[in-house]
Number of protein chains: 2
Amino acid sequence: MVNGSTRIRILDTALDLFGTRGVGTVSLDDIADAVGVRKQTILYWFKSRSGLIDAVLDHAADELLVVVEAAIRSRGDEPLDRVDAVVCAVFRPVVRRPALLGLIREVTRLDESHINHLRGRLSVVVERCVSYLTSEMEKGRLRTCDPMVLAGLLYSTVSGTGTEPIVLETFGWEPNAAGLRQVRRELRGFVRAALQPN
Amino acid sequence: MVNGSTRIRILDTALDLFGTRGVGTVSLDDIADAVGVRKQTILYWFKSRSGLIDAVLDHAADELLVVVEAAIRSRGDEPLDRVDAVVCAVFRPVVRRPALLGLIREVTRLDESHINHLRGRLSVVVERCVSYLTSEMEKGRLRTCDPMVLAGLLYSTVSGTGTEPIVLETFGWEPNAAGLRQVRRELRGFVRAALQPN
DNA sequence: TCACGTCTCTACCATTTGGTAGAGAAATCT
DNA sequence: AGATTTCTCTACCAAATGGTAGAGACGTGA
């Protein structure tokens with residue numbers, strides 16, 4: 001593996017295409033064209049289409065985990081600030097790499113084996129988040145509710161804003177830098193209000 | 001059109017398949033098999049695959065609009081109750097027809113023409129929701145924020161909980177009737193907390 | 001120089017795709 | 001009865017799909 005760049009370029013491109021257009025509707029030829037190689041070059045680097053999908057999911061999980069782990073450790077003691085940091089961290093790829101959350105969302109459309117593959121990668125962070133929410137609720141520093149479902153709701157909200165620009169546009173939103181900042185601001189306020197202890 | 005039942009059966013089945021597996025990965029043969037006819041029967045009823053997609057989107061919009069319109073008119077004056085009614089209304093298909101919200105979410109993956117088609121159907125309700133939120137905020141009965149983005153956030157949250165059972169399962173959720181009731185309860189509490197005026 | 005691993009290519013294949021052409025059954029109308 | 005419309009079928013087709021086979025270019029170490 002003297003030259004890993006082709007492999008990486010394939011992974012990056014596939015992540016973008018899978019994430020924006022959906023895994024099922026992107027062919028190996030589509031990816032090859034975008035990278036600038038032939039389909040058979042992809043099949044040299046990856047055993048099969050299915051193998052490529054798993055590798056891309058790993059690639060995406062890597063990227064997401066780094067960002068989230070850093071955010072979890074970041075800000076002080078106050079749980080609302082900490083959740084806010086994670087929300088911002090997950091929102092960052094929305095601007096810098098829109099396909100990332102789109103790909104994670106694609107998990108619903110994949111077969112069991114790919115689902116389990118991705119789950120294995122994300123479960124550690126997920127469990128940490130849920131147990132953190134649990135402990136802060138017990139201390140009365142977050143609105144009391146089911147922490148597991150709450151985590152899911154938070155995910156839905158953040159991921160939705162990032163992966164459905166089309167829907168937001170239907171609501172009158174404008175897809176530019178100012179619009180994105182606006183969404184981020186509202187998202188943070190929304191989550192903060194939803195978690196405020198009462 | 002003496003016997004509309006075949007056409008309707010095709011629409012219903014296509015809605016389910018498109019919504020659960022994604023529009024791009026469902027072939028005419030898949031739909032035909034599920035209905036129990038041949039692909040050519042589908043092409044008799046619908047000009048092309050693209051025509052079928054538009055018809056299915058119409059079918060979905062019809063179903064969704066009826067539910068939402070009724071909910072908007074339902075409960076009393078208090079905006080939190082009214083929003084709650086709409087949330088419940090949109091959540092109902094999650095139980096009864098999981099594919100419905102899944103299909104709406106698919107809009108991100110469709111081409112411009114289908115997007116505009118669906119937008120045309122939903123824009124009236126969407127605008128009504130946004131202007132309602134606006135007026136209630138002005139009266140100080142909802143947390144003040146950007147009503148347009150708020151509408152989008154609400155949509156994301158509700159739609160996400162309904163269309164991503166796989167993700168919820170990763171968070172530890174169990175996909176049965178009790179689990180669904182639990183999600184609904186938490187969802188309502190979450191939205192209520194997020195909208196509470198301060 | 002020779003052998004070897006790395007990397008990309010052309011050529012090909014079986015299957016599936018959306019779509020066309022047109023026949024046949026059956027109900028409906030005149 | 002005869003003609004027409006409604007509905008579903010069989011038989012195809014060209015294009016695209018994931019995947020196989022195998023050759024050629026390239027650098028590296030012995």
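Evaluate Rg over Rh across region A:1-66, taking Cα atoms for both radii and Kirkwood's formula for Rh.
When Rh is taken as the Kirkwood radius, the ratio is 0.94.
For chain B, what relative contact order do you get, as a whole percent, if you take Cα pairs closer than 8 Å and at least 6 residues apart?
Averaging sequence separation for qualifying contacts and normalising by length gives 23 percent for chain B.
Determine one quarter of the surface area of the Cα convex hull of region A:87-198, which equals its mean projected area, and express it in nm² to one decimal.
Average of the hull's projected areas for region A:87-198 equals 7.8 nm².
Note down the nm distance, to one decimal, between modelled labels 7 Å out along Cα→Cβ at residue B:8 and at residue B:62.
Modelled inter-label distance: 0.9 nm.
What span do the alpha-carbon atoms of chain A cover on each of the three principal axes, reported in whole Å from largest to smallest?
Projected onto its principal axes, the Cα set of chain A covers 59, 37, 30 Å.
What nm distance separates the two modelled labels at residue A:143 and residue A:33, each placed 7 Å from Cα along Cα→Cβ?
4.7 nm
How big, on average over all directions, is the shadow cast by the Cα convex hull of region A:140-198, in nm²?
The orientation-averaged projected area of the Cα hull of region A:140-198 comes to 4.4 nm².
Evaluate 2.2 N^0.38 Å with N set to the residue count of the protein assembly as shown, then give the Cα radius of gyration divided by it.
Rg over 2.2 N^0.38 Å, computed on Cα atoms: 1.01.
Please find the FRET efficiency linking residue A:192 to residue A:112, where r is the Cβ-Cβ separation and R0 is fixed at 35 Å, and quote it to the nearest 0.05.
Computed FRET efficiency for residue A:192 and residue A:112: 0.40.
Less than 14 Å apart at the alpha-carbon level, and either on another chain or at least 8 residues along: which aspartates and glutamates does that give for residue B:139?
Reachable aspartates and glutamates: B:77, B:78.
Simple spin-label model, 7 Å along Cα-to-Cβ: residue B:185 to residue A:178 in nm?
Roughly 4.5 nm, to one decimal.
Rule-based calculations on the coordinates, nothing more; no lab input. The model shown is predicted, which means the values in this text are computed figures rather than measured ones. Neighbour counts run over all protein chains shown; Cβ positions are idealised from the backbone, glycine included.
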